[in-house]
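Novice: There's a structure below that I have some questions on.
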Amino acid sequence: MSYLNRKENMGRRIHVHRVPAAIAIILLTLIIVYFVNFNQDERPAVYGLLRNQNKVNLRKLLIGAIQAAQRGGIEVLEVAQTRDLKERSKGKTDEGANDPFTDADGRSHCVMKEGLHRIFPRIKIFSEEDKESCSNVNTFDLDPTVLHETADLPNVLVDIDEVTVWIDPLDATQEFTEKLYQYVTTMVCVAVKGKPIIGVIHSPFIGQTAWAWVDHSMSEYLALIHPLNPDTTKPLITVSRSHAGSVKELIKDVFGENSEIITAAGAGYKVLQVISNNATAYLHSTKIKKWDICAGDAILRALGGAMTNLNDEFINYGPEGSPVNEQGLLATLKTHDEYIDKLMQFRKNHVVSGHR
Ligand SMILES: *[C@@H]1O[C@H](CO)[C@@H](O)[C@H](O)[C@H]1NC(C)=O
């Protein structure tokens, strides 16, 4: 064998063995990098099946909730611009007021609910307009830029079975048809084990989104309207303009002639009035639906306020039971005990005197 031939053989041997080895090493490195670098919930489906099949990340759900409320708001604005609301009635409320429905309610519902369902297919979602059927809906992908840059938001995994999402695609529909647009909001709420944890109240005509995640973070708008030392000396109580009659009497009886009543529409709007100290309390004496109040409940909790029914019980937003909160509502930022004690005392005396 000549020197030249040997060199040729060696070269071929190296050529044959190094290439597949290099490919294998590169592939292996890629796979390791892929598994190590990504957050648990962003790993491939196979991995998810092994580890986090039944979990959802609340940070992602917050992003989705904000987007859903804002996308719903776009539909509401578009219908308002066409001036063709296609208004019809869903019947009468318990207070005997007309309960209207428009194209905006339907379109907003579809974008919000279908949009969230596509990203979080296994989560239970309840919407005010669940009877609507949806087709050709604009969907969206998660976009973390809806959060401000300084928002500190950890990855928090919870069991999917413990999560309930409540959607109000258009709060204050009656006022929407009357062009009283400041009252209109779109809302999303995330409850875990029945407790409201994330709340989003979006005001499409004002272009503001108030969101909060209890114990974690809140939107810049919310931080801006929230006074550090609210003045609570004089009761300023906001009530619904559609059934203000009986509750006005109750307020004068319970809190005195000195108290001021502010009629407004929309449960979302009224909670924002409490948060900004334009009202010291929001009082509702009859039934109210859970999609109307869950987001406000979460936001008030995040700010150290409170929302209870008129028996001073927290409202349960779990999937079981009725979507109706039967026992009225009191929402405050401060001095909830003072307000609820007076109300409960009055109602007790009232019942007693009624039996005489
Ligand atoms: C509170 O009231 C002031 C004065 O009427 C108003 O300018 C402001 O927008 C209100 N805040 C909210 C959150 O609506």
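Rule-based calculations on the coordinates, nothing more; no lab input. Keep in mind that this is a model prediction, so the values were computed, not measured. Please note: Cβ atoms are built from the backbone with ideal geometry, for glycine as well, and neighbour counts cover all protein chains shown.
Novice: How would you rank 120, 205, going from fewest to most other Cβ atoms within 10 Å of each one's own Cβ? Write out the running numbers ahead of the final one.
Specialist: On the way: 120 20, 205 17.
By the 10 Å Cβ count, ascending: 205, 120.
Novice: Under a Cβ-only charge scheme (Lys and Arg +1, Asp and Glu -1), can you give me the dipole magnitude of region 56-215 about the Cα centre, in debye to the nearest 20? The partial results should precede the final answer.
Specialist: Working: 17 positive and 26 negative charges, 55 e Å.
Computed charge dipole of region 56-215: roughly 260 debye.
Novice: Packing-wise, with mean Cβ within 10 Å as the measure, how do 295-304, 164-173 rank, highest first?
Specialist: On the way: 295-304: 25.1, 164-173: 27.6.
Averaged packing, sorted descending, gives the order 164-173, 295-304.
Novice: Right, here's the next one. Largest first and in whole Å, give the semi-axes of the chain's equivalent ellipsoid, each being the square root of 5 times a Cα gyration tensor eigenvalue. Don't jump to the answer; show the numbers that get you there.
Specialist: Details: eigenvalues 569, 100, 62 Å².
That gives 53, 22, 18 Å for the three semi-axes.
Novice: Placing +1 on the Cβ of each Lys and Arg and -1 on the Cβ of each Asp and Glu in the chain, which of 25, 307, 237 has its Cα farthest towards the positive end of the resulting dipole?
Specialist: Working it through, the farthest residue towards the positive pole turns out to be 25.
Novice: Right, another one. Which of the GluC sites (Glu not before Pro) found in region 167-229 are loop residues per DSSP with 16 or fewer other Cβ atoms within 10 Å of their Cβ?
Specialist: Details: sites: 175, 178, 220; in loops: 178.
Qualifying residues, ordered by number: 178.
Novice: Could I ask something else about it? In debye, nearest 20: dipole of the chain around its Cα centre with unit charges on the Cβ of K, R (+) and D, E (-)? Kindly include the intermediate steps, with their values, before the conclusion.
Specialist: Numbers: 39 positive and 44 negative charges, 317 e Å.
Approximately 1520 debye in magnitude.
Novice: Oh, and also: Which order, highest average first, do 227-240, 146-159, 64-77 follow once you tally other Cβ atoms within 10 Å for each residue and take the mean per peptide? Write down the numbers at each step before the final one.
Specialist: Working: 227-240: 15.5, 146-159: 13.3, 64-77: 24.6.
With the highest mean Cβ count within 10 Å placed first, the list reads 64-77, 227-240, 146-159.
Novice: Identify, among 189, 298, 147, the residue whose Cα sits farthest towards the positive end of the charge dipole of the chain, taking +1 on the Cβ of Lys and Arg and -1 on the Cβ of Asp and Glu, with the dipole about the Cα centre.
Specialist: Comparing the listed Cα positions along the dipole, 147 ranks first.
Novice: Net charge near residue 284: determine it from the other residues with C-beta under 10 Å of the C-beta of residue 284, scoring Lys and Arg +1 and Asp and Glu -1.
Specialist: Local net charge: +1.
Novice: For region 91-156, list log₁₀ I(q)/I(0) at each q in 0.12, 0.16, 0.19 Å⁻¹, using the Debye formula over Cα point scatterers of equal strength and ignoring solvent, two decimals each.
Specialist: -0.48, -0.73, -0.87
Novice: Nothing charged except the Cβ atoms of Lys and Arg (+1) and of Asp and Glu (-1): what's the magnitude of the dipole of region 236-349 about its Cα centre? Round to the nearest 20 debye.
Specialist: Details: 12 positive and 13 negative charges, 52 e Å.
With only Lys, Arg, Asp and Glu charged at Cβ, the dipole is about 260 debye.
Novice: With label points built 7 Å along Cα→Cβ from the Cα atoms of residue 260 and residue 159, find their separation and express it in nm.
Specialist: Distance between label points: 4.8 nm.
Novice: Oh, and also: Using helices alone, what [θ] at 222 nm do you get for the chain, with -39,500 (n - 2.57) per DSSP H run of 4 or more residues, divided over all residues and rounded to the nearest 500? Each step should come with its number before you reach the end.
Specialist: Values: 10 runs with 149 residues, N = 356.
Taking each H run of at least 4 residues, the total per residue is -13500 deg cm²/dmol.
Novice: Let me ask something else. With a sphere of radius 14 Å drawn around the Cβ of residue 232, what net charge do the other residues whose Cβ falls strictly inside it have (Lys, Arg +1; Asp, Glu -1)? Spell out each step's value before the answer.
Specialist: Numbers: positive: 234, 334, 342; negative: 231, 260, 337, 338.
Charge balance near residue 232 sits at -1.
Novice: Compute the relative contact order of the chain as a whole-number percentage, counting only Cα pairs closer than 8 Å that sit 6 or more residues apart in sequence. The partial results should precede the final answer.
Specialist: Values: 635 pairs, mean separation 50.0, N = 356.
Relative contact order of the chain: 14 percent.
Novice: Another one. Classify region 164-220 as rounded, prolate or oblate from the Cα gyration tensor: take a ≥ b ≥ c as the square roots of its eigenvalues, call it rounded if a/c is under 1.5, otherwise prolate when a/b beats b/c and oblate if not. Show your work: numbers first, answer last.
Specialist: Details: a/c = 4.39, a/b = 1.74, b/c = 2.53.
Cα axes put region 164-220 in the oblate bin.
Novice: According to a simple spin-label model (label point 7 Å from Cα along Cα-to-Cβ), what is the distance in nm between residue 134 and residue 206?
Specialist: Output for this residue pair reads 2.6 nm.
Novice: Quick one: Cα centre-to-centre distance for region 196-255 and region 63-102, in angstrom?
Specialist: Spelled out, the Cα-based centre of one part sits 21 Å from the other.
Novice: Compute the Cα gyration tensor for region 130-244, then decide on rounded, prolate or oblate, letting a ≥ b ≥ c be the square roots of its eigenvalues: rounded whenever a/c is under 1.5, prolate when a/b is larger than b/c in the other cases, and oblate in all that remain.
Specialist: It is oblate, given that a/c is not under 1.5 and a/b is not larger than b/c.
Novice: Here's something else I'd like to know. Please work out whether region 56-215 counts as rounded, prolate or oblate from its C-alpha gyration tensor, where a ≥ b ≥ c are the square roots of the eigenvalues and a/c under 1.5 means rounded, while otherwise a/b larger than b/c means prolate and anything else oblate?
Specialist: Details: a/c = 1.82, a/b = 1.61, b/c = 1.13.
Because a/c hits 1.5 or more and a/b exceeds b/c, region 56-215 counts as prolate.
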